[in-house]
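Since every read-out is calculated from the coordinates, none of them should be taken as a lab result. Just so you know, these numbers come straight off a predicted model, no measurement behind them. A quick note on method: Cβ atoms are made from the backbone with ideal geometry, for glycine too, and the neighbour counts reach across all protein chains shown.
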Amino acid sequence: MDNITLANFFHEIADILELKEENPFRINAYRRAAQVLESLTQNIEEIAQKGKLEEVPGIGEGIGEKIQEILKTGRLRYLEELRKTIPPGLISMLAVPGLGPKTILRLYHEFGVETIEDLERLLPQHKICQLEGFGERSEEKIKEGLEQFRRHQKRSLLGKVEPLALEIVRTLEKVKGVNRVSLAGSLRRKKETIGDIDILCTSDNPKETIAVFCQLPQIKEVKARGTTKVVALSKTGLEIDLRVVEPEAFGAALHYFTGNKQHNIKIRTMGIKRGLKINEYGVFKVEGRGKEGEEEQDKEEAEKNRGTQDEEKTKEKEGEIKEAVGENEGEGESAAKEGVRIGGATEEEVFRAVGLPYIEPELREDRGEIEAALEGRLPKTINLSDIKGDLHCHTKYSDGHNTIEEVAQAGIEREYEYLLISDHTTTVGITHGMDAEKIQRQMEEIEKVNQRLKEKGVRFRLLKGVECDIKADGSLDLPDEILAQLDLVIAAIHSKFGMDQTERLISACQNPHVDIIAHPTGRKLGERDPYQVDLERVMEVCRKTKTALELNAFWNRLDLSDINCKRAKEIGVKVSIGTDSHHILEMDVMRYGVATAKRGWLEKEDVLNTCSLEELLGWVKNRKKSKE
DNA sequence: GCCGTTTTCGGCCCGACTGTTTTCAGTCG
């Protein structure tokens, strides 16, 4: 059983327990176990076989036993019992923005609302606003939440969201009084899918900045607006959060809003052990923290309530507190800023405060980066500037838009040393791909272009290649004698996605001419799940045959995924980053590939196309020899 | 349910904003 399927058992338990208003820490334990399972590079089944389940952080005795049961029987009795205790539709309602367990349960008990459809039918009757504790606005908010849910059931893809986000960042940078602007959240971590856009800035005039932001042409509607924070909806229906912070808190806020949640919790917990309080306002030394500190906690409580308490009642208390924290703090922020500030202007200061070196945003997923940082074994991850060429490009010879000459020019503009022309073969019918005759013609044209560039003294070379289809029986779509003439051969699956692809991919790897397997799992984000394949076995064959696996940089694929990249590295398989571009403008998606490689902990030497041209051709030669 | 340089028991990150009520609960990130 794969880790994701297993993780879903625990997500479901957490969802149900949430609706049953169980102990939140217990819920979080299940949630955390699910997340840990999702980010493990090793198959949990192997770990279980070695009896090492409980060595996995977040998995203890209870969850360990449940995993064993699932692996053994494919079922979990505990979950099956749990399911009987609540109507199944309630779980899906948790996904509606603004609806939490309390509201869902209330609506269920008052009106028998069991599904999202029930809720949609109830809304026009205007009964919700008559409930105690609810009003016109609450009902309106539920309606808006439902609309947002319907519109945006799926998370958005990185490559679709990033351009809009950068456009807003650039606009904000020009606003008077704004000093620094940065993306935060999953967008900054370059996660393959994005829930919302988080933007952070510093400003001389926060009020004015917030006012300007709310008027931006990209904004359709403002959902919430305070003195430091705005929640808005873009015209594309995506949520955009803006936070305005003070310059001395920029690093702390950037770290905090970049996440992810588990990473933050670990950092803050490390802070607590050092007598520090870490929040979005900075790093603070708190006297008495880490010990009993009851007095401190009382004070904290009082502080928390300060901004909201009745002025008359708290006058006396307030006098004391103001003395303790200083007069000039903003309302409601004083509690957060309690203690002596020891850092927070930069993210480095936050990490340093807990004894860590800087950790890149792409690594902040609580996948062992904090432990690695502590032990001084953080990877020196790959950067876009390390990429020496694109190893997957299409031209007019199949379904690409540009000529060979144009593609070469685009490669030169990106300061590449080389670029692999890799058009489809004929089996991929709709692409009008290449047969043996057509590819001969293409090779001749590539030679001519290379010759012209050489004469002009341009240090750039087009490589002759192909994206050869792997047929259902594992054979390739071009004869070996043709493949032998090419500089590099990519092989990929484009049909019969229903079958198990393990043997099909393995036989392709074993062909002496195949250098790279493209988009190895066939997934299309938000469209198509990965096909059935035992990637572990394929990777093992790749290691033996020295075949590289592609990280397809196109944002709707990003295949290999970050976690699979990490696994490839562990097994010792090279990763080749290719854009699969069908238009020269698409060649810039390389940055999403590099970001995903970073998220997979890949270093320069793990990636094939960080090699110079000579090294690359040497690698091919050496690989061919070892396959013979 | 997990975990331990604060503990094998008793903690578990921390704050903003909204709506409805007037002191706080709910939700979100």
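Percent relative contact order of chain A, based on C-alpha pairs within less than 8 angstrom and at least six residues apart? Show your work: numbers first, answer last.
On the way: 1079 pairs, mean separation 57.9, N = 628.
Here the relative contact order equals 9 percent.
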TODO: Using the structure shown, list the pairs from A:LYS20/A:LYS273; A:LYS388/A:LYS624; A:LYS191/A:LYS235; A:LYS190/A:LYS524; A:LYS266/A:LYS380 with a Cα-Cα distance above 26 Å, or answer none.
DONE: A:LYS20/A:LYS273
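Arrange the peptides A:129-135, A:392-398, A:204-210 so that the one whose residues have, on average, the most other Cβ atoms within 10 Å appears first. Walk me through the numbers on the way to the answer.
Values: A:129-135: 12.0, A:392-398: 24.1, A:204-210: 16.6.
Ranking, from highest mean packing down: A:392-398, A:204-210, A:129-135.
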Task: At R0 = 60 Å, FRET efficiency that the Cβ-Cβ distance of A:CYS214 and A:GLU371 yields, to 0.05 - done: 0.90
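Using +1 on the beta carbon of Lys and Arg, -1 on that of Asp and Glu, and nothing else charged, what's the dipole of the stretch A:156-244 about the Cα centre, debye to 20? The partial results should precede the final answer.
Working: 16 positive and 11 negative charges, 15 e Å.
The dipole of the stretch A:156-244 has a size of about 80 debye.
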Task: Inter-centroid distance (Cα atoms) of the stretch A:442-482 relative to the stretch A:544-610, Å - done: 21 Å
- [ ] Quick one: what are the phi-derived ³J(HN,Hα) couplings along the stretch A:172-180, Karplus 6.51/-1.76/1.60 with θ = phi - 60°, whole Hz, x for glycine and proline?
- [x] 5, 4, 8, 6, 4, x, 7, 9, 10
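Considering Cα pairs under 8 angstrom that are at least six residues apart, work out the relative contact order of the stretch A:41-147 and quote it in whole percent.
Numbers: 57 pairs, mean separation 18.8, N = 107.
Here the relative contact order equals 18 percent.
I want the antiparallel fraction of DSSP beta bridges within chain A, as a percent rounded to 5. Present the calculation step by step, with values, prior to reporting the outcome.
Working: 28 of 58 bridges.
Approximately 50 percent, going by the DSSP bridge assignments.
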Open item on the list: Quick check on chain A: helices-only [θ] at 222 nm, where DSSP H runs of length 4 and up contribute -39,500 (n - 2.57) each and the sum goes over total residues. Nearest 500, please.
Closed with: -13500 deg cm²/dmol
- [ ] For helix A:436-455, report the angle its Cα long axis makes with the longest principal axis of the Cα atoms of chain A; keep it between 0 and 90° and round to the nearest 10°.
- [x] 80 degrees
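For the stretch A:351-404, run through the GluC sites (Glu not before Pro) and keep only the ones in DSSP coil with at most 16 other Cβ atoms within 10 Å of their Cβ.
Values: sites: A:GLU362, A:GLU365, A:GLU369, A:GLU371, A:GLU375; in loops: A:GLU365, A:GLU375.
Counting only loop positions with at most 16 other Cβ atoms within 10 Å, the GluC sites (Glu not before Pro) in the stretch A:351-404 are A:GLU375.
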TODO: State log₁₀ I(q)/I(0) for the stretch A:509-569 at q = 0.29 Å⁻¹ as given by the Debye formula over alpha-carbon point scatterers of equal weight, solvent excluded.
DONE: -1.31
Open item on the list: Just to check I understand the Karplus step: with θ = phi - 60° and J = 6.51 cos²θ - 1.76 cosθ + 1.60, what whole-Hz values come out for the stretch A:89-104, glycine and proline as x?
Closed with: x, 4, 4, 5, 5, 4, 7, 7, x, x, 9, x, x, 4, 5, 4
Task: Residues with amide H under 5 Å from that of A:ILE470, placed H, sequence gap 5 or more - done: A:ALA492, A:ILE493, A:HIS494
Task: For chain A, size of Cβ-based charge dipole, Lys and Arg +1, Asp and Glu -1, in debye - done: 920 debye
Open item on the list: Give the lysines reachable from A:LYS174 as a straight Cα distance under 20 Å; neighbours fewer than 8 places away on the same chain don't count.
Closed with: A:LYS207, A:LYS229
- [ ] Quick one: which residues, 5+ away or cross-chain, put their amide H under 5 Å from the amide H of A:ILE577? H built at 1.01 Å from N.
- [x] A:LEU551, A:LEU608, A:ASN609
Open item on the list: Just to confirm my numbers, what's the Cα centroid distance between the stretch A:166-243 and the stretch A:104-153 in Å?
Closed with: 29 Å
TODO: Please list the non-local residues whose amide H lies under 5 Å from the amide H of A:ILE197, H modeled 1.01 Å from N, same-chain partners needing a gap of 5 or more.
DONE: A:GLU239, A:ILE240, A:ASP241
Open item on the list: For chain A, take the longest principal axis of its alpha carbons; what is the angle in degrees between that and the long axis of helix A:311-325, to the nearest 10 within 0 to 90?
Closed with: 60 degrees
Open item on the list: Are there any trypsin sites (Lys or Arg not before Pro) in the stretch A:82-189 that are in a DSSP loop and have at most 13 other Cβ atoms within 10 Å? List them by number.
Closed with: A:LYS84, A:LYS154, A:LYS174, A:LYS176
